[in-house]
1. Out of the residues in segment 289-309 that are of a type in the set (V, I, T) and modelled with pLDDT of 95 or more, state the one that is farthest from T231 (Cα to Cα).
2. Could you list, in sequence order, the residues of segment 174-195 that are not hydrophobic (A, V, I, L, M, F, W, C) and not in a loop (DSSP other than H, G, I, E, B)?
3. Considering segment 281-326 alone, what residues qualify as being within 13 Å of F362 (Cβ to Cβ), over 24 Å from the mean Cα position of the chain (by Cα), in a strand (DSSP E or B) and hydrophobic (A, V, I, L, M, F, W, C)?
4. So is R278 open to solvent by less than 50 Å² (accessible area, probe 1.4 Å), of a type in the set (D, E, K, R), at pLDDT 85 or above and not in a loop (DSSP other than H, G, I, E, B) or not?
5. Does S174 qualify as being crowded, with 17+ Cβ neighbours inside 10 Å, touching a residue at least 40 places away in the same chain (Cβ under 8 Å) and of a type in the set (S, T, N, Q)?
6. Go through segment 133-156 residue by residue and tally those that are crowded, with 20+ Cβ neighbours inside 10 Å, more than 14 Å from the chain's Cα centre (by Cα) and outside any strand (DSSP E or B).
7. Which residues, taken from segment 198-220, are open to solvent by 30 Å² or more (accessible area, probe 1.4 Å) and either of a type in the set (A, V, I, L, M, F, W, C) or more than 18 Å from T122 (Cα to Cα) (or both)?
8. Only residues that are in a loop (DSSP other than H, G, I, E, B) and either open to solvent by 40 Å² or more (accessible area, probe 1.4 Å) or touching a Lys or Arg at 6+ places or on another chain (Cβ under 8 Å) (or both): list them for segment 375-389, please.
Amino acid sequence: IGGLGGGLERLTFNLTPGSSPDAICIRFKNAGNMLVIGPTVIWFTGGAISGVFVVNIAASQGGPDTPLTATLNIANADTLTITAPNLDPTRPTQFVVSFPNFQTFPVFERSTKSSDGNRYQTGGLADPSGTGAQDAVIARFSEDGTPIWVTILGGSGDESASYFTPISDGIAISGLTNSTDFPVSANAPAAELQGKTAAYFAFLNRDSGLLRNSTYAPLASNLGANFFLPTFNAEIVIAGKTANPDAPVPETDSGFLLRWRPLDNTFIYGLAFADPVRTINVTASGLTIYATYSETSRTPRLRIASINEIGAPVGRPVEIPLQNIQNIILLPAPNQSIFAFISVRDRQPNGYSQPFANLAHFSLLNGSTIFFRPLGSLYLPSLFDLSPSGELRLLAFPPVPVSL
């Protein structure tokens, strides 16, 4: 083993005449000297070995000026073998396998604790080649902080890990990639990168961290997901916005809604909107309610609507002209209605702005506004839900009186 420079290591195998590479097995455990040391699981996908990290092979017979075609094969989850179909058994052969050493520490940015007491963290790991690219990292820790596994997701380009959630017996992850060779699985419903950058979705085994399913987003969601919401039936509702460079300025943002089933790697629907999706919620009956709003539109408008589990509209949407929206929270209510907490920027004469909140009640049965009331200088409530008896509960600071 030896260093190649540029953050790469190499394994060199020299075979005497008459020897076969069939006996060579290369097992990867732990991606170099990482901050998290534990039973790290490395996965590979496809013949290009473009998972976790890129592993390359070069072969020659009789000297480096006589190249030989050789391929790496996946023997199992963490082991590679070598095939050289045109090998001349009468000549000596050399195989050089190179791979990144990852002598850097991952930077974890997001963390969540699941109901089983385990903690999952995502972050980034700098590509060791010095290009400035980054791979996405997700790790699982036990309740006492002991690392259980670490998985690195990446192709030849740049990856991030934005959202993740435990679901069923796995972990669903969303992020951005600009790699045309991101390791999507064989059953990917969107096997090619849409545009220069797009979201990806991956599903890892909960116990091992091995990749189960992965896919590119079916839409050119070049700004990734803003919302990643699991539903009661092990599906994920994903929403966000997309920058559209071809649209007339200043109307440059659009939005999308996706519903993904990680267990079998299928998209149930993929919907595109003229405006970004600013918030979503899922009702107990399986409806997805969402709000779209564009800050850059010449005619700013807030639109609230709902769709069923297959993406078909339910009821009638509500549209109201509104500007300078900062935050929207939607709360499903009885009789196909929605409570909404809407915070806007209140422009002051001195040039500063402060949040100003409104409480609204909309009916999606007929697309009407039941009421729209100002609450005062508020940004986000600490409590906004329905009590067990169905009454609206709103807790904010400073306190505001609410009577319905």
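The values are calculated or read from the model by the stated rules, or taken from the named source; none is laboratory data. Quantities reported herein were computed from a predicted structural model and do not represent experimental measurements. Positions of Cβ are backbone-derived with ideal geometry, glycine not excepted, and every protein chain shown enters the neighbour counts. Heavy atoms of the whole protein, side chains included, go into the accessibility calculation; ligands, DNA and RNA do not. Shrake-Rupley method; radii C 1.70, N 1.55, O 1.52, S 1.80 Å.
1. First pass over segment 289-309, keeping only residues of a type in the set (V, I, T): 289, 292, 296, 299, 304, 307.
Filter once more, keeping what is modelled with pLDDT of 95 or more: 289, 304, 307.
Numbers: I289: 13, I304: 20, I307: 14 Å.
Restricting to residues being of a type in the set (V, I, T) and modelled with pLDDT of 95 or more, the top hit is I304.
2. Taking segment 174-195 and keeping what is not hydrophobic (A, V, I, L, M, F, W, C), we get 174-175, 177-181, 183, 185, 187, 189, 192, 194-195.
Scanning segment 174-195 gives S174, G175, T177.
3. Scanning segment 281-326 gives L302, I304, A305, V318, I320.
4. Values: open to solvent by less than 50 Å² (accessible area, probe 1.4 Å): no; of a type in the set (D, E, K, R): yes; at pLDDT 85 or above: yes; not in a loop (DSSP other than H, G, I, E, B): yes.
So R278 fails the test.
5. On the way: crowded, with 17+ Cβ neighbours inside 10 Å: yes; touching a residue at least 40 places away in the same chain (Cβ under 8 Å): yes; of a type in the set (S, T, N, Q): yes.
Answer is yes for this residue.
6. 1
7. L210, L211, P218, L219, A220
8. First, the residues of segment 375-389 that are in a loop (DSSP other than H, G, I, E, B): 377-382, 387-389.
Across segment 375-389, the qualifying residues are S377, Y379, L380, S382, S387, P388, S389.
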